[in-house]
1. Tell me, how many Å apart are the Cα centres for region B:1-53 and for region A:388-421?
2. With labels modelled as points extended 7 Å from the Cα through the Cβ direction, what inter-label distance (nm, one decimal) is found for residue A:488 paired with residue A:127?
3. Can you give the FRET efficiency for residue A:395 and residue A:442, using 1/(1 + (r/R0)^6), R0 = 22 Å, r = Cβ-Cβ distance, to the nearest 0.05?
4. Taking H as built 1.01 Å from N, whose amide H comes closer than 5 Å to the amide H of residue A:276, not counting residues under 5 places away?
5. Please list, in order, the residues from region B:49-77 whose amide nitrogen is less than 12 Å from a point placed 7 Å along the Cα→Cβ vector of residue B:19.
6. Go through region A:321-413 and name the trypsin sites (Lys or Arg not before Pro) that are in a DSSP coil and have 16 or fewer other Cβ atoms within 10 Å of their Cβ.
7. Assuming R0 = 45 Å, can you tell me the calculated FRET efficiency for the pair residue A:88 and residue A:220, based on Cβ-Cβ distance, to the nearest 0.05?
8. Report the label-to-label distance for residue A:409 and residue A:173 in nanometres (one decimal), using points 7 Å from each Cα along the Cα→Cβ vector.
Amino acid sequence: MFKKVLIANRGEIAIRVTRACRELGVNSVAVFSDADRESLHVFLADEAYNIGPAPSIESYLKMDKIIEVAKKSGADAIHPGYGFLSENSDFVRKCQEAGINFIGPTPENMDAMGDKLSAKALMKKAKVPTVPGSDGAVETVEQAREVIAQIGLPVIIKASAGGGGKGMRVVKSESEIESAFRACRSEGQNYFADPTVYIEKFVTDPKHIEIQVFGDKHGNVVHLFERECSVQRRHQKIIEESPSPSVPAEVRMKMGEAAVRAAREISYVGAGTIEFIFDNSTKEFYFMEMNTRLQVEHPITEIVTGIDLVKEQIHVALGHPLSFKQSDLKQKGHAIEVRICAEDPISYKPSPGLIRACRHPQGPFVRCDSYAYPGYEVPIYYDPMIAKVITWGETREEAIARMDRALSEFILSGIKSNIVLHKSILKHPRFLDGTYTTQFLEKNFEVIEPEIFKFVDDHVFLIAAAITAFNDRKSKDIRQYNVFPNWKRVGRKMQLRL
Amino acid sequence: MYFEAEIKGKKYKVDVVEQPRNWKISLQEDGGQWIHYDLSKEDYKKSESYFSFLFKGVSYLVDVVGKDTEYTVFTRNSFRSVKIFNDEMLLHESLKAGGGLGGDKELKSGMPGKIIEIFCKEGDVVKANKPLIIMEAMKMENEMRTSADVKIKQICVKQGDSVEAGAVLIKFDNP
């Protein structure tokens, strides 16, 4: 076992990893930026060290600084969490040079999947279905027109190095080709310093379905079934569930096998995720990309399979074979996760600031991975996600009802959060019948105020504000008229005398 | 104590009377009937940092943030901004000046963040619904647009600046 694990991350995922370490009897080392001195991950770890100023580029992304802290503190392994350095193969190599074990895939794994075009070529080789498209970079508008003539509209133009919703455009008619092509190239250049773009068939009824895979250093690879992550805002997932209500049993097995082939193709080590676009009308699925790290939504897989993925990552990093075989794995019941973000539920604008009241949901079959606490100030520098609520049910209906109940218990004030948005989604017919697609929030769901805020009567807000305003002004009045009429005092004295 | 209040564009008249054991609160939505509530102080109790409010038999945990004329009320994960004025005049002033961006004389930042890009320069006349500034907060880029035609009087920030919530970004003249 490792002596000490440094966690090169912050927020709820740093806490998640600390928990796994503690359960395994390993000491954990937290790192933090100037903005995170009072972050919960610092309080919960065994040791904690400052690694620099608030912007992540000067702290959580500073490879040399993190490795230096690992050496100084005597950590013999680094867990990267997700985001930040988790998919940076240079960082893995630096760790290896420093004699520190990186808990995650090999740098070769990351490089193979890091570039979307080369990943797609590899997947074709492994007979994993891919979306029809340009099969390589498209340099000119004329080339783009040719490719589109072959595969037919609608198509999506994507920046090769893109991600997080940046550098992609959907083209539905001939007239849009030129402007979309130019926009993607310039966004690719501006955000990722790479103007390369490619073109793919656009799936009209798309769902985002991904398969969790796990490999070890002995050549074993298994899959831990699917997660559906189609509820997205601004191309970022906010609700995930496992199993997916749309995937038939035989397609699930096919997807699992394809994902295992994909991971085998690159001799994958550790936890990874193969993301597929799933066409809900045809039940066809196409490889989208592989995430060579632990995912935000990993808890729903843990809940339905009963496997602690972070502990397994540590076992695999130690060189142990996987502690389970494919035939040991079953999906039991249904799990849902919602991401609680410090943001306006209607405009999705971030709402950092001071958390006043905070009480997390409890009770049967509810898990809450959060780093919020009363008095904590959510900083502006990082991701707005502050908590994840995960519920389990024997059936999908039970898991949804339990989530609705758990969200009703979640008390959070001082900052805005998207909890009410989640409550509205959980009641939406398209969510309930499972036919929602990745365009659900944009197209089927009316993000309008009266709907989202229907849960509370206006008078409740007015009365509470009015009583507070009254008390504020009353206390001011007392200071102004602090001279009580003397008659009262004299009267009391008279009474005492008698 | 008599107030005028505004919540999500709706105007109310509010009267609050404190009695030893009760709050007597009357509300009148613009032009509507007065509604009177007689609330026992037992039903509006402070617990921890928030209030437990039993209203028409329903249990709410309520937190009120703010002061002077601007309050934000949180309950059941909903929230509302409530403007409260003692003086009728104040309310009317604020409503006159109100309206969205463009009606105002300046563009303020609603949250702390960093200026990524500025699309206008001083002296420009910008049409309604055109982007003015892109601001980044928490890894998200937010575009701020005009809601009416404006003339740019002064730009108070430059690209790369970090700004606090409420900071003035651009000042306008009417075109």
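The values are calculated or read from the model by the stated rules, or taken from the named source; none is laboratory data. Bear in mind the structure is a predicted one, so any value in this text is a computation, not a measurement. We place every Cβ from the backbone using ideal geometry, glycine too, and count neighbours over all the protein chains shown. These accessible areas exclude ligands, DNA and RNA; they are computed on the full protein's heavy atoms, side chains included. Shrake-Rupley method; radii C 1.70, N 1.55, O 1.52, S 1.80 Å.
1. Result: 30 Å between the Cα centres.
2. Once both label points are built, they end up 9.1 nm from each other.
3. Numbers: r = 29 Å, r/R0 = 1.31.
FRET efficiency, residue A:395 to residue A:442: 0.15.
4. Under 5 Å from the amide H of residue A:276: A:209, A:210, A:211, A:288.
5. Flagged as within label range: none.
6. Values: sites: A:325, A:330, A:332, A:339, A:356, A:359, A:367, A:388, A:396, A:402, A:405; in loops: A:325, A:330, A:332, A:356.
When the trypsin sites (Lys or Arg not before Pro) of region A:321-413 are filtered for loop state and at most 16 Cβ neighbours within 10 Å, A:325, A:330, A:332 remain.
7. Values: r = 26 Å, r/R0 = 0.57.
Once the sixth-power term is evaluated, E becomes 0.95.
8. Spacing of the two 7 Å Cα→Cβ label points: 5.2 nm.
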